[in-house]
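A.B. asks: Right, I'll just put the structure down here and ask away after.
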């Protein structure tokens, strides 16, 4: 699969380059050139597939052959090492619980998948990659845990002083190894601005290979389509039309769900829910 910048003024990219760079040279987000269709047989037989088998079938067209088949299966297995239970509230409403990962954040899936892809691509490279992340809490914890101990990768996390919970701050600051957390005297937007300035600083980017593990990185948001497929597996025999209501911030999660829909997942509609 090739990837293009949504700003449409940068060369096409491989999956490897899109993951390592994070942003295209024209500062656009990398997006797949094609959205492959999953065969009807996949959805017909989905009840007989494990979560890892479902995820592998969904992601392989975006990644192969840059990551070999067996290695991609290993990455998927390690990414999905926890449960995704569905709790039924009534006959029409169920909740897909995404807080059973190591940091209790839905972002554990994307962070773990991206970390393993980046580690694979960088295993034979002498140049370190620095992952720069701004967080208001859950992103930083998921990224720190996902990238902990990955060879050739350093992680720097900026978080606003007094604006994250005690447990989130411990997730950021107590791991050590290749994880550095920096407390910023400001709010989340200040952290985000610092990250953006770093990516625009050519002196810095010429000397350090920077990438982002925020939802701008295609390897962070794309695997989030997995659990929409898991929900379909659990519910399709009871409900002919699925509607997903998704808590939304940067809309990476709902984008992943819509990607699954474009690949053939039967969804009636999506509802983007936000705090305002």
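A.B. asks: Looking at (1) over 22 Å from residue 21 (Cα atoms); (2) surrounded by fewer than 18 Cβ atoms within 10 Å (Cβ to Cβ); (3) modelled with pLDDT of 90 or more, find the lone condition where residue 160 falls short.
C.D. replies: Condition (2) is where residue 160 drops out.
Let's see how each residue does on (1) within 20 Å of residue 66 (Cα to Cα); (2) modelled with pLDDT of 95 or more; (3) assigned to a loop (DSSP other than H, G, I, E, B); (4) touching a strand residue (DSSP E or B) at 6+ places or on another chain (Cβ under 8 Å):
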residue	(1), (2), (3), (4)
4	yes, yes, no, yes
8	no, no, yes, no
20	yes, no, no, yes
26	no, no, yes, yes
31	yes, yes, no, yes
36	yes, yes, yes, no
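A.B. asks: Here's a follow-up. Mind listing whichever residues of region 170-191 are more than 21 Å from the chain's Cα centre (by Cα) and not in a loop (DSSP other than H, G, I, E, B)?
C.D. replies: 170, 173, 182, 183, 184, 190
A.B. asks: Have a look at 152, 141, 186 and point out the one that is more than 17 Å from residue 108 (Cα to Cα) and at pLDDT below 90.
C.D. replies: None of the others qualify; the one that does is 152.
A.B. asks: Being in a helix (DSSP H, G or I), under 27 Å from residue 1 (Cα atoms) and touching a residue at least 24 places away in the same chain (Cβ under 8 Å) is the requirement here; does residue 144 meet it?
C.D. replies: On the way: in a helix (DSSP H, G or I): yes; under 27 Å from residue 1 (Cα atoms): no; touching a residue at least 24 places away in the same chain (Cβ under 8 Å): yes.
No; evaluated as a whole, the condition is false for this residue.
A.B. asks: Could you figure out which of (1) under 26 Å from residue 153 (Cβ atoms); (2) within 19 Å of the chain's Cα centre (by Cα) isn't true of residue 202?
C.D. replies: Condition not satisfied by residue 202: (2).
A.B. asks: Could you check region 169-183 and list, in sequence order, the residues that are touching a helix residue (DSSP H, G or I) at 6+ places or on another chain (Cβ under 6 Å) and modelled with pLDDT of 90 or more?
C.D. replies: Initially, region 169-183 is screened for residues touching a helix residue (DSSP H, G or I) at 6+ places or on another chain (Cβ under 6 Å), giving 171-172, 175, 179, 181.
Hits for region 169-183 are 179, 181.
Yes/no per residue for (1) in contact with a strand residue (DSSP E or B) (Cβ under 6 Å, 6 or more places away or on another chain); (2) closer than 20 Å to residue 141 by Cα; (3) surrounded by fewer than 15 Cβ atoms within 10 Å (Cβ to Cβ):
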{"residue": "208", "(1), (2), (3)": "yes, no, no"}
{"residue": "224", "(1), (2), (3)": "no, yes, no"}
{"residue": "230", "(1), (2), (3)": "no, no, no"}
{"residue": "242", "(1), (2), (3)": "no, no, no"}
{"residue": "250", "(1), (2), (3)": "no, yes, yes"}
{"residue": "259", "(1), (2), (3)": "no, no, no"}
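Conditions tested, residue by residue: (1) assigned to a helix (DSSP H, G or I); (2) more than 20 Å from residue 260 (Cβ to Cβ); (3) without any contact (Cβ under 8 Å) to a residue 40 or more places away in the chain.
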position: 42; (1), (2), (3): yes, no, no
position: 47; (1), (2), (3): yes, no, no
position: 62; (1), (2), (3): yes, no, no
position: 73; (1), (2), (3): yes, no, yes
position: 84; (1), (2), (3): no, no, no
position: 99; (1), (2), (3): no, yes, yes
position: 117; (1), (2), (3): yes, no, no
position: 120; (1), (2), (3): yes, yes, no
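Conditions tested, residue by residue: (1) under 28 Å from residue 124 (Cα atoms); (2) modelled with pLDDT of 95 or more; (3) surrounded by fewer than 16 Cβ atoms within 10 Å (Cβ to Cβ).
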| position | (1), (2), (3) |
| --- | --- |
| 51 | no, yes, no |
| 55 | yes, yes, no |
| 72 | yes, yes, no |
| 76 | yes, yes, no |
| 85 | no, yes, yes |
| 97 | no, yes, yes |
| 108 | yes, no, no |
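A.B. asks: State the number of residues belonging to region 49-60 that are part of a helix (DSSP H, G or I) and out of contact with any helix residue (DSSP H, G or I) (no Cβ under 8 Å at 6 or more places or on another chain).
C.D. replies: 1
A.B. asks: Continuing with this model, one more query. What are the residues in region 267-276 that are assigned to a loop (DSSP other than H, G, I, E, B) and surrounded by 12 or more Cβ atoms within 10 Å (Cβ to Cβ), if any? Even if it seems obvious, please write down each step before you answer.
C.D. replies: From region 267-276, those assigned to a loop (DSSP other than H, G, I, E, B) are 267-268, 274-276; that's our starting set.
Scanning region 267-276 gives a single hit, 267.
A.B. asks: Going by the conditions given, is residue 272 modelled with pLDDT of 85 or more and touching a helix residue (DSSP H, G or I) at 6+ places or on another chain (Cβ under 8 Å)?
C.D. replies: yes
The values are calculated or read from the model by the stated rules, or taken from the named source; none is laboratory data. Since we're looking at a predicted model, the values are computed, not measured. Glycine also receives a Cβ, built like all others from the backbone with ideal geometry; neighbour counts cover every protein chain displayed.
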